[in-house]
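A.B. asks: Let me give you the structure first, and then I'll get to my questions.
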Amino acid sequence: MRYKEYNINKVLEKSITLFWQKGYNGCSINEIVLETGVNRFSLYHEFKNKEGILDASLDLYRDRYCDDKLSLLKAEGNLFETLKNFYMSFLEQKIYMSGCYFIHIGTELADTNEKVKNSLNEYLKEIQCLLSSLLIQNKYSFKDAEFKARHLLGLFCTSMSLGLIHTSEERNKYLTNGINLIL
Amino acid sequence: MSRGLDSTYPELIEKAQEIFWLRGYKGVSVKDLSEHLNVGETILYNKYSKDSLFLDSLDYYTNTYTGPFLNLLRETTGGLDSLRSFFYDLVDALINKTFPRSCLVVNTVVELRNENSEVIKRYKAYLKEFKESIVIVLDKAYDMEQIKHKDKIAIYAEFLMGIVFTMGIFYKLKPAEELRQYIDEQLSFIR
């Protein structure tokens, strides 16, 4: 029996790096072939097309990279610190992978690609729910928690874009002020 | 007839800007540019270069769209109400596709970040102008007693600038009504 000579997740990890660095449209199947060492036929067999790779890479990113970060929102203790740790966890990465893959890909493609739009939407909804329950846990009323979670999510989107170009000092100040204004 | 001699440079930039706005810097190849501008690839390589066309496109964008938009904002007299209309107009432009996509400068920040110092110079200048414009409006809002804390105006301005970045994502996912509500709520945080 023929076994798979490559590891799907490894292919996807390399694809995440490529898409993140070069943009989805700026990166060809050829480059993925070169980078992963997996031939075109196998890639198409596994993922059908380049879009299939993208979808699977978003799923992997969610499961492998975001789980720990999203779990930070379940921490007990000081609310302000919990929120700040959450935002910062996305921004303390290596320069080229700073920020959030969903926001990055969403900025590029969510206008034109329905699937990307839906994944982005699901992902942001998940974060909003976590924010909401964190606030409820911190004695905010349901209504207030929902309202503030909406804006903490907005702050998330902003810090994953505007925050990318901040120095760490500016970023710290921006997040501190933002969280305080919203709470 | 040699291709590329039938358009003036400003015409080329206007066209280049369209495609960069839609697809970003990396999503446009020299071949795409060549087809869109109807200029031979050799000429693009030898005479213009994708990088300089992109930088000039950014300038074209800020001069044509954001510059006049911000000039108008600075001249308004309604304080927070003017700021609200400014952001509402932005939502309309995005939803009605008057703007083909979210702000080119914002997208460029996400796409290119720290990769190109000329790009950095440009978006820093743009963000500075944007923030200063909001400060001018907030100063008026303070004089009109719409906001209480004069010493926090700089912080407010930076916070509200975030709306443009948030809208860059939210407009793809949410109906206009929710976007307007979001803007109202953002403004309520600074009163």
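A.B. asks: Are any residues in region B:60-99 surrounded by 15 or more Cβ atoms within 10 Å (Cβ to Cβ) and under 26 Å from B:THR8 (Cβ atoms), and if so, which ones?
C.D. replies: Scanning region B:60-99 gives B:TYR60, B:TYR61, B:THR62, B:TYR65, B:THR66, B:PHE69, B:PHE99.
A.B. asks: Out of A:LYS148, A:LYS84, I need the residue that is more than 14 Å from chain B (Cβ to nearest Cβ), surrounded by 16 or more Cβ atoms within 10 Å (Cβ to Cβ), at pLDDT 95 or above and more than 30 Å from A:CYS27 (Cβ to Cβ). Which one?
C.D. replies: After applying the criteria, what remains is A:LYS84.
A.B. asks: Find the residue count for region B:22-53, including only residues that are touching a residue at least 40 places away in the same chain (Cβ under 8 Å), within 21 Å of the chain's Cα centre (by Cα) and in a helix (DSSP H, G or I).
C.D. replies: So the count comes out to 3.
A.B. asks: Which residues, counting only those in region A:18-30, are of a type outside the set (Lys, Arg) and within 14 Å of chain B (Cβ to nearest Cβ)?
C.D. replies: Result: A:LEU18, A:PHE19, A:TRP20, A:GLN21, A:GLY23, A:TYR24, A:ASN25, A:GLY26, A:CYS27, A:SER28, A:ASN30.
A.B. asks: Which members of region B:94-107 meet the condition of being more than 10 Å from chain A (Cβ to nearest Cβ) and either within 10 Å of A:SER161 (Cα to Cα) or among the hydroxyl-bearing types (Ser, Thr, Tyr) (or both)?
C.D. replies: Answer for region B:94-107, where residues must be more than 10 Å from chain A (Cβ to nearest Cβ) and either within 10 Å of A:SER161 (Cα to Cα) or among the hydroxyl-bearing types (Ser, Thr, Tyr) (or both): just B:THR98.
A.B. asks: Does region A:81-98 contain any residue that is out of contact with any Leu (no Cβ under 8 Å at 6 or more places or on another chain) and over 24 Å from A:SER161 (Cβ atoms)? Please lay out each step first, then the result.
C.D. replies: Initially, region A:81-98 is screened for residues out of contact with any Leu (no Cβ under 8 Å at 6 or more places or on another chain), giving A:81, A:90, A:92-97.
Next, only the ones that are over 24 Å from A:SER161 (Cβ atoms) stay: none.
Taking every residue of region A:81-98 in turn, none turns out to be out of contact with any Leu (no Cβ under 8 Å at 6 or more places or on another chain) and over 24 Å from A:SER161 (Cβ atoms).
A.B. asks: Test each condition in (1) in contact with a helix residue (DSSP H, G or I) (Cβ under 6 Å, 6 or more places away or on another chain); (2) more than 13 Å from chain A (Cβ to nearest Cβ) for B:VAL110 and report the one that comes out false.
C.D. replies: Here B:VAL110 clears every test but (2).
A.B. asks: Moving to a separate point now. Please find, within region B:132-161, the residue that is farthest from the chain's Cα centre (by Cα) out of those that are within 13 Å of chain A (Cβ to nearest Cβ) and closer than 16 Å to B:SER85 by Cα.
C.D. replies: Looking at residues that are within 13 Å of chain A (Cβ to nearest Cβ) and closer than 16 Å to B:SER85 by Cα, I get B:ALA157.
The values are calculated or read from the model by the stated rules, or taken from the named source; none is laboratory data. Not measured: the values here are computed from a predicted model. In this analysis, Cβ positions are derived from the backbone assuming ideal geometry, glycine residues included, and neighbour counts consider all displayed protein chains.
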